[in-house]
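Written below as structure tokens is the structure these notes are about.
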Amino acid sequence: MDTMHATCVSVFGDRLSGCLLLGPSGSGKSDLAVRLIDGGGTLVADDRVIITARDGLATAAPPPLLAGLLEIRGLGVMTVPFLGEADIRLLVCLTNADDIERMAPITSQHLNGVDIPCLLVDASKASAAARVRWAVRRVLAYGTLNSVKTLVPKPAAESGPAPDNERDRSADGTECGVGVGPGPESRPESGPEDNEDRDG
């Protein structure tokens, strides 16, 4: 059991969708927590979080003296509904937007021996809360933050569009409604000239 300087919110209001907001003082942890809560989340703990590893998951809980307390800049410390604990599905590392790559590599961090996906977010951005919700939803559904494959539309052949069974395949062969570049199977059939050359 450890206590961290962080803020934890259950993004969807249940104990399965906790995210841990990490960053130095003034990075926007409490402000982002307010937006997540306003969008349907529930506070777990603000400023100090008790972390416990159990059954292969890292669990967050509030220190008893701080349970239900949330600092809202300009309003002070407010009393809000809270969860007694939540499983941490995502680490949200707050940083400046200039330090975040457009297609940033997916990373993870160990928290009390548990490997947890990590998302870099600029808390000052209007989309910050939405990005966190998207990320938690993906981790809950797929267990990872890895993005889907980039699919390149397949150019139509001169003689007309390719058959559906060729056009609607992804790079790994799964049907997805978007084609990819021409492969070996799309090599044009030989024409009369080719046949004459072979016959000669």
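Checking V77, V92 one by one, the residue that is in a strand (DSSP E or B) and more than 20 Å from F12 (Cα to Cα) is V77 and no other. Consider the stretch 17-29 and keep the residues that are part of a loop (DSSP other than H, G, I, E, B) and in contact with a helix residue (DSSP H, G or I) (Cβ under 7 Å, 6 or more places away or on another chain). The one that is farthest from A61 (Cα to Cα) is G23.
Listed by first and then second residue, the pairs with beta-carbon distance under 6 Å, at least 6 apart or on different chains, first residue in the stretch 61-72 and in contact (Cβ under 8 Å) with a residue 24 or more places away in the chain, second in a loop (DSSP other than H, G, I, E, B) and surrounded by 17 or more Cβ atoms within 10 Å (Cβ to Cβ), are A61/E85; L70/D46.
In this structure, L94 does not satisfy being within 17 Å of T144 (Cα to Cα) and not acidic (D, E). Restricted to the stretch 95-108, and to residues there that are closer than 18 Å to C19 by Cβ and outside any strand (DSSP E or B), the residue that is modelled with the lowest pLDDT is A104. For the stretch 16-68, filtered to residues that are in contact with an Asp or Glu (Cβ under 6 Å, 6 or more places away or on another chain) and closer than 16 Å to D87 by Cβ, the residue that is modelled with the lowest pLDDT is L57.
The values are calculated or read from the model by the stated rules, or taken from the named source; none is laboratory data. Keep in mind that what you see is a predicted model, and the values were worked out from it rather than measured. Ideal geometry is used to build each Cβ from the backbone, glycine not excepted, and the neighbour counts take in all protein chains shown.
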